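Student: This is the structure, below, for whatever I ask next.
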Amino acid sequence: MVTRGTRASYARGMVILVTIAATLSAVLHIVIFYWESYAFSRPTVWRRFGLSSQEEADQPAVKALMYNQGYYNLFLAVGALLGGILYGVGVQQAGFAIGLFSVACMLAAAIVLTTTGPGRIKPAIVQGTLPLITVVLYIVGWLNPGLV
């Protein structure tokens, strides 16, 4: 039997899980932002993105694309973080909409990454796992409106 106390405990637990998962998704994408926009000239970073030489990494077009892509990841991180915070403090409709959109975009980008070559599966898993968990948690909360 589900009691009011059980329902409230479940709701608090779901809110906490969503907030943590959204925050972790955001943190990962902030790290990716830093790598792409500010640390890309380091060999440990450009190798992570599949480049084979410093000359390749230093090409103006590559640097510009990575810089722009980094900010794209930062903006998604801000959305995930804002959505998670709003959801966590009780502004759940706005938090749900902003947060779910942001992490769904992160997940979609990870899926697209798998189509760019056989060596991209592992980075896509890294990039997409936390957003996938967050999407699932948001949806579980949405499907149980009386609980969250």
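The values are calculated or read from the model by the stated rules, or taken from the named source; none is laboratory data. Bear in mind that the values here come from a model prediction, so they are computed numbers and not experimental data. Cβ placement follows ideal geometry from the backbone for every residue including glycine, while neighbour counts extend to all protein chains displayed.
Student: Do we have Gly90 as in a helix (DSSP H, G or I) and not hydrophobic (A, V, I, L, M, F, W, C) here? Explain how you work it out, then say what you get.
Tutor: Details: in a helix (DSSP H, G or I): no; not hydrophobic (A, V, I, L, M, F, W, C): yes.
Considered against the rule, which asks whether it is in a helix (DSSP H, G or I) and not hydrophobic (A, V, I, L, M, F, W, C), Gly90 comes out as no.
Student: Is it the case, given these coordinates, that Gly88 is at pLDDT below 95, surrounded by 16 or more Cβ atoms within 10 Å (Cβ to Cβ) and within 14 Å of Ala21 (Cα to Cα)?
Tutor: Taking the combined requirement at face value, the residue satisfies it.
Student: Could you list, ordered by first residue, the pairs with Cβ atoms under 6 Å in which the first is in the range 65-78 and assigned to a helix (DSSP H, G or I) and the second is aromatic (Phe, Trp, Tyr), at least 6 apart or interchain?
Tutor: Hits for this filter: Met66/Phe40; Gly70/Phe33; Asn73/Phe33; Leu74/Phe33.
Student: Looking at the range 40-54 only, could you name the residues that are charged (D, E, K, R) and assigned to a helix (DSSP H, G or I)?
Tutor: First pass over the range 40-54, keeping only residues charged (D, E, K, R): 42, 47-48.
Selection gives Arg47, Arg48.
Student: Pick out the one residue from Ala110, Ala124, Ala61, Ala39 that is closer than 18 Å to Ala22 by Cβ and of a type outside the set (Lys, Arg). Even if it seems obvious, please write down each step before you answer.
Tutor: On the way: Ala124 fails: closer than 18 Å to Ala22 by Cβ; Ala61 fails: closer than 18 Å to Ala22 by Cβ; Ala39 fails: closer than 18 Å to Ala22 by Cβ.
Selected residue: Ala110, the only one of Ala110, Ala124, Ala61, Ala39 that is closer than 18 Å to Ala22 by Cβ and of a type outside the set (Lys, Arg).
Student: Quick check on my filter: what residues within the range 121-148 are surrounded by 15 or more Cβ atoms within 10 Å (Cβ to Cβ), under 22 Å from Gln69 (Cβ atoms) and either at pLDDT below 90 or aliphatic (A, V, I, L, M) (or both)?
Tutor: Ala124, Leu130, Leu132, Val135
Student: Among the numbered conditions (1) modelled with pLDDT of 95 or more; (2) farther than 21 Å from Lys122 by Cα; (3) crowded, with 19+ Cβ neighbours inside 10 Å, tell me where Val18 comes up short.
Tutor: Single failed check for Val18: (1).
Student: Sort through Trp46, Trp35 and tell me the only one that's surrounded by 17 or more Cβ atoms within 10 Å (Cβ to Cβ), under 28 Å from Leu86 (Cβ atoms) and touching a helix residue (DSSP H, G or I) at 6+ places or on another chain (Cβ under 8 Å). If you could, list the steps in order and put the result at the bottom.
Tutor: Working: Trp46 fails: under 28 Å from Leu86 (Cβ atoms).
After ruling out the rest, the residue left standing is Trp35.
Student: May I ask you to list the residues in the range 109-119 that are farther than 23 Å from Ala80 by Cα and touching a residue at least 12 places away in the same chain (Cβ under 8 Å)?
Tutor: Restricting attention to the range 109-119, the residues satisfying the condition of being farther than 23 Å from Ala80 by Cα are 115-119.
Once the filter is applied, which keeps residues that are farther than 23 Å from Ala80 by Cα and touching a residue at least 12 places away in the same chain (Cβ under 8 Å), the range 109-119 yields Gly117, Gly119.
Student: Scan the range 13-35 and report the pairs whose first residue is touching a residue at least 12 places away in the same chain (Cβ under 8 Å) and part of a helix (DSSP H, G or I) and whose second residue is β-branched (Val, Ile, Thr) and surrounded by 22 or more Cβ atoms within 10 Å (Cβ to Cβ), with Cβ atoms within less than 7 Å and a gap of 6+ or a chain change.
Tutor: Listed by first residue and then by second, the contacts come to Val18/Thr134; Ala21/Thr134; Ala22/Val103; Ala22/Thr134; Ser25/Val103; Ser25/Thr134.
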